[in-house]
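Here the structure comes first, spelled out in structure tokens, and everything after it is commentary.
The values are calculated or read from the model by the stated rules, or taken from the named source; none is laboratory data. All figures in this text were calculated on a predicted structure; none of them were measured in a lab. Glycine also receives a Cβ, built like all others from the backbone with ideal geometry; neighbour counts cover every protein chain displayed.
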Amino acid sequence: MLATIGKNIERLGDRFLYYVQQTGRMTMFLLVASLRILIPPYRLFPVIKQIHFIGARSVLVILVAGVFVGMVVALQFYDTLVRFGSVSLLGSAVGLSLIRELGPVLTALMVIGRAGSAICAEIGIMRSEEQIDALECMAIDPYKFLITPKLVAGIISLPLLTSLFDVVGIFGGYMVGVGLFEVNSGAYFQGMYDTVLWGDIQMGLVKSLVFGLLIIWICAAKGFFLHLERIGAYGAEGVSRITTNAVVLSSISVLFADYLISSIMV
């Protein structure tokens, strides 16, 4: 019995040390990648290419998700507000919920599923096939070559995608509120104009910037350190497992950061 307890304690300590080491490794990864952004040469084309991949190619899914989320939010708020005779507040309710909360979070989750998983898989395959080692052998900095364009592109793309999500979401709420339930069009936009302040927009922008950093950081680091992960597999199976881990960890980190930023800025 004592031997079993000892083994369990040893296994627990080993797992604890592994997570501490992993946290330190990912923190150093972010610091090195951030410092590489400041070191010349500054190449614009790789950043534009990643903005196209992360941002432009995510526009369609953001448009579709934004419209339907706005429609659902307006539908739910109308059902609540009509009970209290406050239907004129529908525009402000839709605008505030999208700009402060739903827009940044749902945009980040969409980008994780569409671009974050692809980034992790791409870098993981490069690590599995020793292409990153080949870059180092040719004296090419893998951080500068692979990571920094994605990091810059993610920080730029997420606020733009979030703004797009907010706009189409407000339009979706307008279609339901004004088109379906015949809420006064002027009251819808005037209520939004009176209640949405710069602080609300600033909160959404700050969240989107932080989410963009988190997504690229976690997804790229997971793929970059594929060979150091305890996933029980390598090659194609290892890439699939680490991509799943990256998507889950990124999503949880976004939700945690959302609460943290809201508690600080409210």
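Can you name the residue in the range 73-104 that is charged (D, E, K, R) and assigned to a helix (DSSP H, G or I) and is also nearest to Tyr234 (Cα to Cα) among such residues?
Glu101
Is it fair to say Phe181 is of a type in the set (Phe, Trp, Tyr) and either in contact with a His (Cβ under 6 Å, 6 or more places away or on another chain) or farther than 26 Å from Val111 by Cα (or both)? Spelling it out, Phe181 is indeed of a type in the set (Phe, Trp, Tyr) and either in contact with a His (Cβ under 6 Å, 6 or more places away or on another chain) or farther than 26 Å from Val111 by Cα (or both).
Scan the range 228-245 and give yes if some residue there is of a type in the set (Lys, Arg) and more than 20 Å from the chain's Cα centre (by Cα), otherwise no. Quick ask: steps written out before the conclusion?
Residues of the range 228-245 that are of a type in the set (Lys, Arg), as a first pass: 230, 241.
In the following step, the residues that additionally are more than 20 Å from the chain's Cα centre (by Cα) were identified as 230.
Yes, that holds for at least one residue.
Looking across the range 21-47, the residues that are more than 21 Å from Gly223 (Cβ to Cβ) and free of Cβ contacts under 8 Å to residues at least 60 places away in the same chain come down to Leu38, Pro40, Pro41, Tyr42, Leu44, Phe45. So which residues in the range 47-60 are surrounded by 17 or more Cβ atoms within 10 Å (Cβ to Cβ) and in a helix (DSSP H, G or I)? Within the range 47-60, Val47, Gln50, Ile51, Phe53, Ile54, Ser58 meet the criteria. So is Ser97 without any contact (Cβ under 8 Å) to a residue 60 or more places away in the chain and crowded, with 19+ Cβ neighbours inside 10 Å or not? The answer is yes for Ser97.
In the range 64-79, of all residues being exposed (fewer than 14 other Cβ atoms within 10 Å of the Cβ) and not acidic (Asp, Glu), the one that is nearest to the chain's Cα centre (by Cα) corresponds to Val64. Looking only at residues of the range 33-87 that are among the hydroxyl-bearing types (Ser, Thr, Tyr) and farther than 30 Å from Phe145 by Cα, we find that the one that is modelled with the highest pLDDT is Tyr78.
Of the residues making up the range 165-208, those that are out of contact with any Leu (no Cβ under 7 Å at 6 or more places or on another chain) and among the aliphatic types (A, V, I, L, M) are Val167, Met175, Val178, Leu180, Ala187, Met192, Leu197, Ile201, Met203, Leu205, Val206. With respect to the conditions (1) under 30 Å from Val94 (Cβ atoms); (2) at pLDDT below 95, Met138 lacks only one, and its number is (1).
Selection of the range 241-261 for residues being surrounded by fewer than 16 Cβ atoms within 10 Å (Cβ to Cβ) and in contact (Cβ under 8 Å) with a residue 24 or more places away in the chain yields only Leu255. Scanning the range 57-104 for residues that are closer than 20 Å to Met265 by Cβ and either touching a His at 6+ places or on another chain (Cβ under 8 Å) or of a type outside the set (D, E, K, R) (or both) yields Ser92, Ala93, Gly95, Leu96, Ser97, Leu98, Ile99, Leu102, Gly103, Pro104. Of the residues making up the range 192-230, just one is among the β-branched types (Val, Ile, Thr), surrounded by fewer than 22 Cβ atoms within 10 Å (Cβ to Cβ) and under 19 Å from Lys150 (Cβ atoms), namely Val210. Scanning the range 105-161 for residues that are aliphatic (A, V, I, L, M) and assigned to a loop (DSSP other than H, G, I, E, B) yields a total of 3. Only one of the listed residues (Ala118, Ala134) is more than 11 Å from Gly223 (Cα to Cα), more than 11 Å from the chain's Cα centre (by Cα), surrounded by fewer than 19 Cβ atoms within 10 Å (Cβ to Cβ) and of a type in the set (Gly, Ala, Ser). That residue is Ala134.
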